[in-house]
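Novice: Following this message is one structure expressed as structure tokens.
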Amino acid sequence: MTTSRRRRTHGRVALRIFGATVLAALCFVTTGAAQTTRHARRSYVARIARAHRVARHLRGAAARQTFFRQAFQASGPTSSHKPDDGGLANQQDAYNFERLAPGDTVSGEALVQGQQQAWGLRQFGGPWQEVTDQPYNGNPPDYTDPFWGNEGSGFANVGGRVTALTTSGDTWFAGTADGGVWATRDQGGHWSPLTDQLPSTSIGALATDPADGSVWIGTGEANTNQDSYAGIGVWRIANGHISRVGDSGGGNPLSGRTVYQLSFDPQGNAYAATNNGLWRYATDSGQWTEVLAPDGPNDPGSATYSPYNDHITSVAVVPGSHGEDVIAVEGWRGPVSGQKNGFYESKDGGQTFAPVTPTGDINAADIGRTTFAYSADGSELYAVVESPAALTAGAESVLQGVFRADGTSSTPASVAGPWTKIADEAKLAASGSALAVNSGYGVGVQAWYNQTLAVDPADAKHVYLGLEEVFQTRDGGDNWNTAAPYWNYGLPCSTPAPGNCPNTTHPDQHALAITGGTLLSGNDGGVYTRALSNPAQYGGWTDTNDTLHDLQYYDARAGFQPGVGTIAYGGLQDNGTSVLAPLSAPQNKEPAGGDGTTVIVDPNHANNMVGSYVEGAMYSSTDGGHTFYDYVSPGCVGQATVGLTPRPDCDPNVRFVTPMVQDQQNTDTWLVGGQYVWVSHAGWNTSCTDTACSWQNVFDTGAGNAVTALSSAQNGKVIYAAWVGGGGNPGPAFSRGIATNYGGTWHQLDVSSLPNRFIAGVTVDPDHPNHAYAVFNGYSRRWIPGGGIGHVFETYNGGQSWTDISGNLPDIPADALLIENHRLALATDLNMYTAQAGQGPRTYWSRLGYGLPNASVNNVTPGPDGYIYAATHGRGIWRLRFGGGGRWEGHRRG
């Protein structure tokens with residue numbers, strides 16, 4: 001393949017899916033010169049539209065399929081990687097894995113007590129300022145790269161992942177993945193955060209108590225994706241106050257679990273469907289009791305504990321039963337290996353449950369994640385059911401089907417059925433979906449991750465279904481239409497240009513709610529609304545995300561552009577790479593779509609930048625993201641993602657979020673880590689094609705290992721690279737290390753004196769490369785046996801010996817360290833901390849600044865303006881005046 005530095009249209013790249021491994025899942029067919037010529041003769045708009053469609057399917061079919069096959073793990077702090085997950089989990093990609101290793105669970109009380117420790121520290125510095133407090137345009141018309149751009153997608157303004165919705169009176173509430181709970185009283189015109197100071201801002205479920213209108217919050221997202229984060233129990237908002245439900249003096253039995261759903265019975269008792277059992281809150285005792293654990297006792301920390309057991313994904317109180325009849329489902333996404341997945345029912349008010357074998361069209365032997373929804377009168381019961389068998393097989397859809405059980409207005413529908421299948425992949429695809437059968441990425445491809453149902457309270461036959469898209473039926477499922485397609489590419493209205501289509505929602509629906517005459521949909525791009533009376537296929541959607549600032553950044557960088565000012569870039573979960581140019585701009589914009597991860601920015605000419613998609617698929621730009629050059633990556637998946645046949649010397653083991661940094665003294669020297677450490681000295685001329693590659697493989701960390709963090713000085717002459725290996729936790733399978741070429745030759749350091757935990761960051765002093773820091777994620781041995789103690793370690797002899805400078809730091813996961821103006825700035829899962837450099841074991845830490853929400857800070861970086869910038873995974877980018885200014889050197893964790 002001959003390539004140039006010019007922008008190319010990728011319309012000639014097509015995709016099919018084969019096999020279950022990364023490389024086997026990527027098979028590309030390029031067209032010949034004649035077809036390329038025909039494409040060139042098409043109008044520019046049509047060519048861009050086709051490029052969008054192909055690129056989107058390419059990224060979806062390849063990277064997203066790889067994502068759910070290999071990069072996801074069981075959700076929350078009680079998750080781990082184990083061989084019985086059938087290869088679904090890539091042991092080196094998990095956001096939570098970093099926080100658990102070498103164990104497989106940690107109590108949510110670790111976060112609670114970590115916050116209490118933080119409160120005891122003094123505060124240093126001024127206020128944090130929110131940088132990304134403007135609308136985020138996911139469909140910007142002035143960023144039209146034909147491969148990566150979103151022009152014509154129809155997403156409008158977007159937010160981060162919304163996992164739960166409820167309403168109380170005239171107030172709407174949205175629960176977000178790691179940005180807490182938000183409320184609006186003007187139908188999404190203005191959102192306000194409510195829970196920024198909770199120890200965990202990861203939300204799994206919301207529900208309104210019909211007795212008093214209070215809103216209950218199930219913390220801990222239970223979508224079993226790689227960045228679902230820890231829970232700290234169930235909380236309640238009433239009369240403007242937030243309190244935890246069911247504390248017993250020694251903590252909370254739901255702390256550490258993640259919550260799929262909350263429900264109430266007429267007596268005011270509550271049910272929490274969690275990733276570790278169904279729990280019942282009794283109003284008379286004020287305590288939680290586990291009432292359903294089909295796989296048996298599964299206490300975290302016990303010898304028999306399994307993160308795959310007792311996933312109760314849905315619970316419903318049968319209407320008209322006065323709370324005596326309660327149904328639930330165990331639905332681990334699979335493959336099922338000993339789990340007792342299936343339907344369960346209680347006839348004694350939730351005290352005891354018995355298994356129920358469904359009759360009719362449901363395959364009782366293939367029940368995975370399931371959501372129930374009753375009509376208001378109980379006459380209809382609907383269920384969306386995921387198929388563990390399909391997930392195991394790597395099918396393009398893992399949807400077993402959508403089903404309906406019929407009753408009457410006087411006799412509620414039974415969980416036993418008989419069930420009638422009212423939808424499957426083919427039927428929904430034919431309803432106007434943008435996801436075609438045999439495309440490699442079909443309707444229900446992520447039914448283990450995104451599924452939700454809502455029944456019109458005034459019409460038992462009017463139902464909304466959320467998968468990747470939103471579907472609607474007005475006749476109980478006999479007929480469907482696609483109310484919100486995945487995107488507008490390929491739809492009839494997109495001819496001659498996608499801009500002819502009405503706006504749609506962002507993909508991947510997690511929550512639906514109906515209030516008055518309005519439907520609310522929460523997805524990976526925020527909250528969207530539509531009139532309940534709208535019968536149309538497509539259109540009628542309003543995004544409400546202008547003030548919903550819950551963006552989930554993995555990384556961020558800031559630089560100066562002459563004539564413009566400071567520009568900030570960042571990589572976000574499912575919302576691409578963002579650019580805010582300048583910081584005072586009225587909109588933050590998305591020049592590149594899909595998932596965004598790490599970024600590189602020229603500190604003095606910020607139009608020069610590099611972004612990256614998952615698995616190290618890099619793209620570079622010299623015009624601020626308006627156009628990209630794609631053949632940049634040394635990784636095998638990154639090369640395949642942009643249509644290049646992977647080079648024989650490509651890196652097979654880059655992480656989902658790939659470490660990618662610049663040298664601290666030469667902006668044209670770049671480093672990338674996979675199994676190997678890669679260096680390019682070509683800067684924005686870096687290119688990697690099938691004929692030549694700028695990247696030099698300078699070190700092999702070892703088979704099966706993957707670099708987690710990088711830092712270098714002196715034009716790449718001195719490099720420190722942290723890595724992880726061993727295939728997962730707990731115990732002896734987990735391994736970690738640090739390699740360096742300090743002293744002139746590459747070698748592995750002796751890390752036996754360091755904690756046995758995930759190394760999230762390394763930082764080298766650019767003026768003294770023998771001086772470096774190692775930053776450790778996870779928790780101490782108090783919470784995770786074998787993890788050791790300490791979070792920040794320092795060496796003055798190139799890693800021959802290390803000193804623990806953690807001092808009075810709270811025992812919480814640390815993520816990144818920055819040296820700036822002889823001070824240290826440390827990013828953690830609970831705020832930022834600072835200390836004077838050079839104090840050794842007597843280092844004293846203070847809370848850095850005030851006003852920063854408690855979302856995890858994944859990265860801290862200096863800007864060109866005297867500020868440091870913190871990228872949070874749920875509350876956007878924030879900055880703080882840190883003195884001095886101008887020196888851009890610093891470190892982000894990989």
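Novice: Angle, helix 44-58 long axis vs. longest principal axis of the chain, Cα atoms, 0 to 90°, nearest 10?
Specialist: On a 0 to 90 degree scale, this one is about 80.
Novice: Next question, about the same structure. At 0.36 nm per residue, minus the direct Cα-Cα distance, what do Ala536 and Arg881 gain on full extension? Give it in nm, one decimal, please.
Specialist: Difference between extended and current length: 119.1 nm.
Novice: Compare the peptides 416-428, 377-389 by average per-residue count of other Cβ atoms within 10 angstrom and give them in order, highest first.
Specialist: 377-389, 416-428
Novice: Of the listed peptides 789-798, 704-713, what is their order by residue-averaged count of other C-beta atoms within 10 Å, with the highest listed first? Mind dumping the intermediate values first?
Specialist: Details: 789-798: 20.3, 704-713: 26.5.
With the highest mean Cβ count within 10 Å placed first, the list reads 704-713, 789-798.
Novice: Going by average Cβ neighbours within 10 Å, how do the peptides 197-205, 314-322 rank, with the highest at the top?
Specialist: Top to bottom by mean Cβ count within 10 Å: 197-205, 314-322.
Novice: Now a separate question. Roughly how far apart, in whole Å, are the Cα centres of segment 835-870 and segment 272-311?
Specialist: Taking the Cα centre of segment 272-311 as reference, the centre of segment 835-870 is 38 Å away.
Novice: Going by alpha carbons, how many degrees (0 to 90, nearest 10) lie between the helix axis of 109-119 and the longest principal axis of the chain?
Specialist: 50 degrees
Novice: Whole number in Å², please: accessible area per residue of the chain, 1.4 Å probe, ligands, DNA and RNA not counted.
Specialist: Counting only protein heavy atoms, the per-residue value for the chain is 30 Å².
Novice: If you find the alpha carbon centre of segment 557-591 and of segment 93-139, how far apart are they in angstrom?
Specialist: 23 Å
Novice: Projecting each Cα onto the charge dipole of the chain (Lys/Arg +1, Asp/Glu -1 at the beta carbon, about the Cα centre), which of Gly154, Gln115, Gly743 comes out farthest on the positive side?
Specialist: Towards the positive end, the residue furthest out is Gly743.
Novice: If eta is 0.692 mPa s and T is 37 °C, what Stokes-Einstein diffusion coefficient results for the chain, Kirkwood Rh from Cα pairs, in µm²/s? Please list the in-between numbers first.
Specialist: On the way: Rh = 27.1 Å.
Here the translational diffusion coefficient equals 121 µm²/s.
Novice: Accessible area of the chain with a 1.4 Å probe: how many percent of it is carbon plus sulfur?
Specialist: Of the solvent-accessible surface of the chain, carbon and sulfur hold 50 percent.
Novice: Using the crude model of +1 on Lys and Arg Cβ and -1 on Asp and Glu Cβ, and no other charge, please compute the dipole size for the chain relative to its Cα centre, in debye to 20.
Specialist: For this selection, approximately 2100 debye.
Novice: While we're looking at this one, here's another question. Please get the size of the charge dipole for segment 754-894, origin at its Cα centre, with Cβ charges of +1 on Lys and Arg and -1 on Asp and Glu, quoted in debye to the nearest 20.
Specialist: In total the dipole reaches around 320 debye.
Novice: At 20 °C and 1.002 mPa s, what whole-number value in µm²/s does Stokes-Einstein give for the translational diffusion of segment 109-265, with Rh from the Kirkwood sum over Cα pairs?
Specialist: After rounding, the answer is 122 µm²/s.
Novice: As I understand it, the dipole of the chain uses +1 on the Cβ of Lys and Arg and -1 on the Cβ of Asp and Glu, about the Cα centre. Which of His190, Tyr619, Tyr844 lies farthest toward its positive end?
Specialist: Of the candidates, Tyr619 comes out farthest on the positive side.
Novice: Which value, in debye to the nearest 20, gives the size of the charge dipole of segment 521-594 about its Cα centre, when Lys and Arg are +1 and Asp and Glu are -1 at the Cβ?
Specialist: 160 debye
Novice: Which lysines, if any, have their Cα less than 29 Å from the Cα of Lys421, not counting same-chain residues under 8 positions apart?
Specialist: Counting by Cα, and skipping residues close in sequence, Lys421 has these lysines nearby: Lys340, Lys347, Lys461.
Novice: Moving on to the next point. Any chance you could look up the accessible area of Phe173 with a 1.4 Å probe, heavy atoms only, rounded to 10 Å²?
Specialist: 20 Å²
Novice: Rounded to whole Å, give me the distance from the Cα center of segment 467-530 to that of segment 753-782.
Specialist: Rounded to whole Å, the Cα centres lie 46 Å apart.
Novice: Among bridges DSSP assigns within the chain, what percent are antiparallel (round to 5)?
Specialist: 95 percent
Novice: Please give the calculated 222 nm ellipticity per residue for the chain, where each DSSP H segment of at least 4 residues contributes -39500 (n - 2.57) and the sum is spread over every residue; nearest 500 deg cm²/dmol? Present the calculation step by step, with values, prior to reporting the outcome.
Specialist: Values: 8 runs with 62 residues, N = 894.
Result for the chain, helices only: -2000 deg cm²/dmol.
Novice: Let me ask you something else. For segment 669-766, state the average projected area of the convex hull of the C-alpha atoms over all orientations, rounded to one decimal in nm². Walk me through the numbers on the way to the answer.
Specialist: Numbers: hull surface 28.9 nm².
So the Cα hull casts an average projection of 7.2 nm².
The values are calculated or read from the model by the stated rules, or taken from the named source; none is laboratory data. Everything numeric in this text was worked out from a predicted model, so none of it was measured. Virtual Cβ from ideal backbone geometry, glycine too; neighbours counted across all protein chains shown. To get the accessible areas, we keep the full protein, side chains included, count just its heavy atoms, and leave off ligands, DNA and RNA. Shrake-Rupley method; radii C 1.70, N 1.55, O 1.52, S 1.80 Å.
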